Amino acid sequence: MTSPAWARRRDAAGRAWREFAANRGGLVGLVVLAVFVLVAALGPVLIDDADLDVTRATGDRLRSPSGEFWLGTDENGRSVLALTLWGTQLSLVVGLAAALLSVVIGTTVGILAGHFGGWLSAVLLRFTDFFLIMPSLVLAIALSAVLDGGAGTIILAIGVVSWPASARLVRAQTLAVEARPYIERSRALGGGHGHVIFKHVLPSVLPLVFVNTTLAVGTAIVAESTLRFLGLGDTNEITWGGLLRSAGSSGAITYGAWWYLLPPGIAIVLLVLAFTLVGRALETVLNPKLRERR
Amino acid sequence: MTPVLELRDLRVTYAGGHAAVRGVDLTLLPGQTLGLAGESGCGKSSLAMSVLRLLPKDAQVSGEILLDGEDTRAMSWGRLRAVRWASASIVFQGAMHALNPVRRVGTQIAEPMRLHASLPEDQVEARVAQLLAQVELPPEKARAYPHELSGGQKQRVMIAMALACGPRLVIADEPTTALDVIVQAQVLALVTRLVAEQGIGLVMISHDLSVLGSVCERLAVMYEGQVVELGSAPTVVHDPQHAHTKALAAAFPTVGDPASRYAPATTNPAGVPPKVVPRAGEPLLRTQALRVDFRQRGGGWMRAVNDVSLEVGRGEIVALVGQSGSGKTTLARTVLGLQQPSGGQVLYDGRPLPRGSRGLREYRREAQLVLQDPTSALNPRHTVYEAVAEGLRIHRMPGDERELVAAALEAAELRPAGRYMPVLPHRLSGGQRQRVVIAGALALRPRLLVADEPVASLDASVRGEILALLLRLRAELGLAALVITHDLGLAWNIADRVAVMYRGELVEVGEVEQVLLAPRHEYTQSLLAALPEVAPVT
C-alpha cells in the first residue's frame, strides 16, 4: 500500500515546491546556498595544498589585490581568495552538524516533555530553563576551553547551548497534537507511548523541526565564527572566523588591509543570510497561518 | 401588509461555481414564524446570511431580498449598516464563540444600541436590564463575563442582544444545537414567548424538525439549495410528502412510538435485524461502586463519577443518558482504562481490569472506542487503510493485513473496500468517516464497543444508517455496546437497557420501555418532559 501514500507525498512535495518558488527571497537564498555547497565540495579540487601551506607561500605579506592574487595576500603571503574558499567547507560542516545536534536534542526533550507530562516534564523543563538562562557564549567558551580543541568540540559546544529554544517550540506543538481526539483513539486501540510518538506526534512535528534546523544553521555558523575569532578551537584549521582572528592579530586592521577582513566577513554574512532566507520561506510554506498573512 | 422578509428567486453561488442556494422564494409576514430545516450543506445558513449581506466576498447573490419592502442588495453601505440589527438581527450559531470573552455581557448587549444611537446614553443601562429581564436573567448578570455563564445563559444573552434595537425580524441559526435537552426546552419556550409578545418575524434554522415544529407555525425544508417542501409545521412533520422530508422526520424518532423501536431510519437494503435477546449469565462488563475524582484548579476535588455500578451483558446494547457534565464521558474513559478510577473497580469478563500496560493492551483489543466527532478522531495525514490497519499493527494480528482491513471496511459497509483504502479522511463525508472509525474498531474483532455520542455530529439521514449498522453488528457479531448519548430518541432506537446519569450518579437503570415510558426518578421525568413536541395536525 505504499504507492498511494508515495503519490500523495509526491503531490504534497510538488505543492510545497511551487509555494516555495513563489517566494523570491527563498529562491535567492537557495541559489546562494547551492553556490556555497558547490565551493565547499569542490574546494580540494580547485585549491592546491601548496596555496595553503605557510612554508610554501609564494606571495609577499599583506599585498593588496592584484592580477596574481585577486583578493590580495595574508600576513604569510598566502592568497586570501584560496583561504576564504577553503574555509567554506569547515564553516558549513560545523554549522550543519551543530544545528543538527541542537535540533535533535531539542526535539527529543520537547517531545518527551510534551508527551509524558507530569514529573518528567517538570524535570526536563527546569533543565531546559537552566540552559536557557545560561549566557550561551560564555558556556560555549568554557566548554571548548575544557575539552580538547578541534571542530568536534566547537560543534558540541554550540549544540549543547542552543537546543533549549527548539525544545520549547517542539513541546508546544506536541501538546497541541496530543490534545486531538485521534490520539485518544490510538490509545484506545492499544497504542503505547512509542506508537503514539512515532506514528502521530513526530510526523506532525517534523515540518516545524525542519524549518527550525534551517534557521539554526545560520545561528550556528555565526557562533562558530565567534568562537574561532575568540581564539578557541584548533588554530591550524582554516575557517572564516579563524581568518578574521589572524587578520586582527597580525595588524591587518592598522595596516588598512581591507582585503583580508572583508572576504571572510562577507562570506559569513552571505551564508547566514542564505540560510535565514530559505528558513523563512520554508516557514511560510509549512505554516499555513503565516501564508495567509502574507 | 408588507412582509418583513420576502425572497424572490434568491441564488447564492460561491467562487468555484458551487451553487449553495438555487432559486428560493419565501415570504414572512410580521409576527410570523418560519422554520428552515435541512442537513449541513443544504444552503440554509447561506440563505440566512444573505439577508443581511453577511456572506463572504466571493459569494455571488442574485434575485431579490426585500426587507420591509426594501432590497438589501441595492442598499448603500451606510443604509445597510443602519438596517443591520435595527430592523433585522441574528442569533448566531454557537453562543460559546459568538460572545467576546473579555467584555462584560451587559456591554455587549448595549453595543448595538450605542452603535445605532437608538437611545440616549443614560437610558442604555436601564434598557439592558429590561432586556435581561425579558430573557429571564437577573439584571446583575450584566456585570458577568461570558465564562461565568452556563451555555443556556449565554444563549439567552445572545437573544437579548438580538432584541436590543427592537428589530422586526430575527434570524436564529441553530440556536439550541449545543444545548442540553432541558436547557433547549427552556430556550425554545423563551423564543416562542418573545416572538408572540413583540410581534417579531422569526426565521429559525435547524437540522432538527421537532425543534422547529415546536416553535414555528410554518416549516420550509431545504435540500440541495432549494425549498422542497413548505407548509404548516404539523403537516410537514406528521405527513411529509417529499422523500427528503420523510427521511428528516424519521431520523428523530418519537420516544414511545413502537414503529421506531429497534428500527432506526435506514434506506440500506440490509435493513434492520430482528430483535436479539442478549444471552444471560455473567455480564461482559461490570463496574462496582466506581468513583473517579479530579483535582480541581485551585485545590479541592471534584467527583465526576460517584459510586456507579453498571452492567453490560454479552451482546447487549446499553445507552448511558445524561446531560453534559454529568460524568458519562469520564465513565466511558474509565471503562476503557484511559482513566484510573479513584475507587471501586471495573470487571471485564469477570476479572478486574489489568493495570499494567501489557494487560491493558490485551484488554483494548477486546473493548473498542468510537468517538463523537469522526473528523478529529482520524489523523488527517493517514489514509483510510492506515487508519483501519493501525490497531492491527499495534496488536500484530495474525493474517494478511490487507484482507483484514478489507473485511473490516466491508463490515462497516464501506463497499467496495478497495475504493476507500487510499483515500484521505478529508475527502470523505461525515458518515463515511464515522464508518472508518467503526471499521478501525471492528478490525480487532472486539466484543465490546464503547461509543461516545456516535451520531451527535452527523446529519439526520446518516444518523439512522450508523445506528442500523450498530444493530446489525450486534446481530451478526454478537457485539455488546455501551452507547453514551444525550439523545433519548437514540436510546429508544437501538438500546436494550438505559442508564440515566445525573451529577455523577446513576439515578435510574432499566429496560428502555420501562425507563422511558414510566420513568420513576424525577430527573428522568424532566428529561422526557423537555423533549420538543409538535402539535398534531388540525
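Mind listing the long-range amide H neighbours of residue B:342? Cut-off is under 5 Å, sequence gap 5 or more, other chains count too, H placed in the peptide plane at 1.01 Å from N.
For residue B:342, whose amide H was placed from the backbone, the distant partners under 5 Å are B:291, B:292, B:293.
Would you mind computing the Rg to Rh ratio of the stretch B:451-538 from its alpha-carbon coordinates, Kirkwood style for Rh? Don't skip to the answer; put the middle values down first.
Numbers: Rg = 14.2 Å, Rh = 14.4 Å.
We get a ratio of 0.99 for the stretch B:451-538.
Bin width 10 Å, alpha-carbon pairs only: give the P(r) of the stretch B:362-481 as whole percents, running from 0 to the bin holding the largest distance.
15, 50, 33, 2
Which residues among the stretch A:97-130 fall inside the zone where the amide N is under 17 Å from a point 7 Å beyond the Cα of residue A:147, along Cα→Cβ?
A:97-106
Cα centroid distance between the stretch B:89-156 and the stretch B:433-472, in Å?
For the stretch B:89-156 versus the stretch B:433-472, the Cα centre distance is 40 Å.
Please give the length that would be gained between residue B:22 and residue B:100 if that part of the chain were fully extended, namely 0.36 nm times their separation in residues minus their C-alpha to C-alpha distance (nm, one decimal).
That works out to 24.6 nm of additional length.
Need one number: convex hull volume per residue for the protein assembly as shown, Cα atoms only, in Å³. Mind showing how you got there, number by number?
Working: hull volume 191.8 nm³, N = 832.
Enclosed volume per residue, from the Cα hull, is 231 Å³.
Straight-line reach from residue B:141: which lysines have Cα under 21 Å away, leaving out those fewer than 8 places along the same chain?
Result set, ordered by chain and number: B:154.
Report the Cα-based extents of the stretch B:185-332 along its three principal axes, largest first, to the nearest Å.
52, 50, 27
Starting from the Cα of residue A:9, step 7 Å along the direction of its Cβ; do the same at residue B:235; then give the gap between the two resulting points in nm.
Going by the 7 Å Cα→Cβ label model, 6.2 nm.
Calculate log10 I(q)/I(0) of chain A for q = 0.06 Å⁻¹, where I(q) comes from the Debye formula with a single equal point scatterer on each Cα and nothing for solvent.
One equal scatterer on each Cα of chain A leads to -0.26.
Using only Cα atoms, locate the centre of the stretch B:319-349 and the centre of the stretch B:523-538, then give the distance between them in Å, rounded to an integer.
Using only Cα atoms, the two centres lie 29 Å from each other.
Hey, what's the Kirkwood Rh for the stretch B:277-365 if you take every pair of different alpha carbons, in angstrom?
On the way: mean 1/r = 0.0715 Å⁻¹.
The answer is 14.0 Å.
Can you pull the Kirkwood radius for chain B, inverse mean 1/r over Cα pairs, to one decimal in Å?
On the way: mean 1/r = 0.0397 Å⁻¹.
It is 25.2 Å.
Leaving out ligands, DNA and RNA, calculate the buried accessible area for the pair B and A with a 1.4 Å probe, summed over both sides, in Å² to the nearest 100. Working shown, then result.
Details: alone 23930 and 15740 Å², together 37470 Å².
Summed over both sides, the interface buries about 2200 Å².
Per the helix-only calculation at 222 nm, which mean residue ellipticity applies to chain B, given -39500 (n - 2.57) for every DSSP H run of n ≥ 4 and division by its residues, nearest 500 deg cm²/dmol? Intermediate values should be presented prior to the final figure.
On the way: 21 runs with 198 residues, N = 538.
My calculation for chain B gives -10500 deg cm²/dmol from helical runs alone.
Where the centroid of each part is defined by its Cα atoms, how far is the stretch A:191-266 from the stretch B:24-70 in Å?
With the stretch A:191-266 and the stretch B:24-70 each reduced to a Cα centre, they are spaced 61 Å.
Considering only A:26, A:248, A:256, give the residue with the highest GNM mean-square fluctuation for chain A, with springs between Cα atoms whenever their separation is below 10 Å.
It is A:256.
With contacts defined as alpha carbon pairs under 8 Å and 6 or more residues apart, what's the relative contact order of the stretch B:413-489 in percent?
Working: 52 pairs, mean separation 26.8, N = 77.
In percent, rounded to a whole number, it is 35.
Only loop residues by DSSP count here, and only those with at most 15 other Cβ atoms within 10 Å; note down the GluC sites (Glu not before Pro) in the stretch B:450-538 that meet that. Write down the numbers at each step before the final one.
Details: sites: B:465, B:476, B:505, B:508, B:511, B:513, B:522, B:533; in loops: B:533.
Hits after loop and neighbour filter: B:533.
I want the antiparallel fraction of DSSP beta bridges within the protein assembly as shown, as a percent rounded to 5.
Details: 44 of 81 bridges.
Among the beta bridges of the protein assembly as shown, antiparallel pairing accounts for roughly 55 percent.
I need the calculated FRET efficiency for the pair residue B:182 and residue B:475, taking r as the beta carbon distance and R₀ as 30 Å, to the nearest 0.05.
Here the calculated transfer efficiency is 0.30.
Using a Gaussian network for chain A with springs between C-alpha atoms less than 10 Å apart, which of these wobbles most: A:234, A:48, A:11?
So, out of A:234, A:48, A:11, the one fluctuating most is A:11.
Pairs of Cα atoms under 8 Å, at least six residues apart: use those to get the relative contact order of chain B, whole percent.
Numbers: 1101 pairs, mean separation 84.0, N = 538.
Relative contact order for chain B comes out at 16 percent.
Could you sort B:161, B:501, B:1 by accessible area so the largest value comes first, with the probe set to 1.4 Å?
Numbers: B:161 25, B:501 0, B:1 180 Å².
These residues rank, largest area first, as B:1, B:161, B:501.
Do any GluC sites (Glu not before Pro) in the stretch B:262-366 lie in a DSSP loop with no more than 11 other beta carbon atoms within 10 Å, and if so, which? Let's see the in-between values first.
Working: sites: B:311, B:316, B:362, B:366; in loops: B:316.
Nothing satisfies the criteria.
Taking a probe of 1.4 angstrom, what is the accessible area of residue B:244 in Å², to the nearest 10?
20 Å²
So what is the diffusion coefficient of the stretch B:253-304 in µm² per second by Stokes-Einstein at 37 °C and 0.692 mPa s, using a Kirkwood Rh over Cα pairs?
Working: Rh = 16.3 Å.
Result for D is 202 µm²/s.
Taking loop as defined by DSSP and a crowding limit of 14 other beta carbons within 10 Å, which trypsin sites (Lys or Arg not before Pro) in the stretch B:180-280 fit? If you can, show how the numbers build up before the last one.
Details: sites: B:193, B:218, B:246, B:261, B:275, B:279; in loops: B:261, B:275, B:279.
Taking the stretch B:180-280 and a limit of 14 other Cβ atoms within 10 Å, the loop trypsin sites (Lys or Arg not before Pro) found are B:275, B:279.
Let me know the Rg and Dmax you get for the stretch A:57-181 when you use only its Cα atoms, in Å.
21.5, 72
One-quarter of the Cα convex hull surface for the stretch B:1-146, in nm²?
Working: hull surface 42.0 nm².
So the Cα hull casts an average projection of 10.5 nm².
Enter the mean number of other protein chain beta carbons within 10 Å of the beta carbon of each residue in B:378-385, as an integer.
Details: counts 4, 10, 3, 9, 5, 4, 0, 3.
For this peptide, the per-residue mean of nearby foreign Cβ atoms is 5.
With every protein chain in place, what's the accessible area of residue A:141 (1.4 Å probe, Å², nearest 10)?
The value for residue A:141 is about 60 Å².
For a distance above 23 Å, tell me the whole-number percent of Cα pairs in the stretch B:82-200 that qualify. Display every interim value, and only then the final one.
Numbers: 1498 of 7021 pairs.
Distances greater than 23 Å cover 21 percent of the Cα pairs.
Work out, step by step, the length gained on full extension between residue A:172 and residue A:16: first 0.36 nm times the residue separation, then minus their alpha carbon distance; give nm to one decimal. Write down the numbers at each step before the final one.
Numbers: separation 156, 0.36 × 156 = 56.16 nm, distance 2.38 nm.
Taking residue A:172 through residue A:16 to full extension adds about 53.8 nm, to one decimal.
For chain A, what's the relative contact order in percent, using C-alpha pairs closer than 8 Å and at least 6 residues apart? Don't jump to the answer; show the numbers that get you there.
Values: 400 pairs, mean separation 76.3, N = 294.
Rounded, it is 26 percent for chain A.
The values are calculated or read from the model by the stated rules, or taken from the named source; none is laboratory data. Please read all numbers here as calculations on a predicted model, not as lab measurements. Cβ coordinates were reconstructed from backbone atoms using ideal geometry, including for glycine residues, and neighbour counts include every protein chain displayed. The accessibility values were calculated without ligands, DNA or RNA, using every heavy atom of the protein model including side chains. Shrake-Rupley method; radii C 1.70, N 1.55, O 1.52, S 1.80 Å.
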